[in-house]
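Here the structure is laid out as structure tokens; the discussion comes afterwards.
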Amino acid sequence: QVQLVESGGGLVQPGGSLRVSCAASGPLFSTYTMGWYRQAPGKQRELVARITSSGSTNYADSVKGRFTISRDNAKKTVYLQMNSLKPEDTAVYYCNGAGSYTFRWGQGTQVTVSS
């Protein structure tokens with residue numbers, strides 16, 4: 001079973017950048033499609049970016065052109081580089097499987113965009 005630990009969140013001003021990371025443990029990480037999700041207060045959790053085992057990526061329209069997902073299979077880590085951040089990007093960010101498998105949710109990492 002894959003376990004997930006997110007980190008790297010924080011407070012950033014509008015227009016700023018932040019990179020969050022997700023460290024995974026367990027076998028077969030490199031074979032899984034992985035994704036970054038976010039959940040804002042009072043809203044449902046949404047998938048914002050996904051990356052396949054071969055490195056193909058997809059993004060939600062709301063983050064396209066601003067966010068970049070990547071992975072390092074040797075380190076069993078998935079990253080989300082977030083640029084040109086907006087107040088509406090404020091949320092708890094989680095990683096998880098985004099293909100055929102999902103795993104127990106981690107604690108997430110809080111990203112707050114505010115001046």
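Things to note:
- Figure legend. Inter-residue proximity from the range 98-109: first residues farther than 20 Å from S53 by Cα, second residues among the aliphatic types (A, V, I, L, M) and open to solvent by 20 Å² or more (accessible area, probe 1.4 Å), beta-carbon distance below 9 Å, spacing 6+ or different chains. Indicated pairs: G106/V5; Q107/V5; Q107/V92; G108/V92; T109/V92.
- The number of residues in the range 76-92 being assigned to a strand (DSSP E or B), under 20 Å from V2 (Cβ atoms) and not β-branched (V, I, T) comes to 2.
Rundown of residues vs (1) open to solvent by 60 Å² or more (accessible area, probe 1.4 Å); (2) at negative phi, yes/no style:
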| residue | (1), (2) |
| --- | --- |
| A24 | no, yes |
| R38 | no, yes |
| S70 | no, yes |
| S84 | yes, no |
| P87 | yes, yes |
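- Strands (runs of 3 or more DSSP E) contained in the range 32-75 and holding at least 2 residues within 19 Å of L18 (Cα to Cα) and within 11 Å of the chain's Cα centre (by Cα): 34-39, 46-51, 67-72
- Any chance Q13 is in contact with a Lys or Arg (Cβ under 7 Å, 6 or more places away or on another chain), open to solvent by 60 Å² or more (accessible area, probe 1.4 Å), of a type in the set (S, T, N, Q) and under 30 Å from S115 (Cα atoms): no
- Check on T57, touching a residue at least 24 places away in the same chain (Cβ under 8 Å), open to solvent by less than 70 Å² (accessible area, probe 1.4 Å) and hydroxyl-bearing (S, T, Y): no
- Condition check for T68: modelled with pLDDT of 95 or more, out of contact with any Gly (no Cβ under 8 Å at 6 or more places or on another chain) and not aliphatic (A, V, I, L, M): yes
- T112 satisfies every condition listed in (1) over 21 Å from L28 (Cβ atoms); (2) in a loop (DSSP other than H, G, I, E, B); (3) in contact with a Ser or Thr (Cβ under 8 Å, 6 or more places away or on another chain) except (2).
The values are calculated or read from the model by the stated rules, or taken from the named source; none is laboratory data. Computed from a predicted structure; not experimentally measured. Every residue, glycine among them, receives a Cβ derived from its backbone with ideal geometry; neighbour counts consider all protein chains shown. The accessibility values were calculated without ligands, DNA or RNA, using every heavy atom of the protein model including side chains. Shrake-Rupley method; radii C 1.70, N 1.55, O 1.52, S 1.80 Å.
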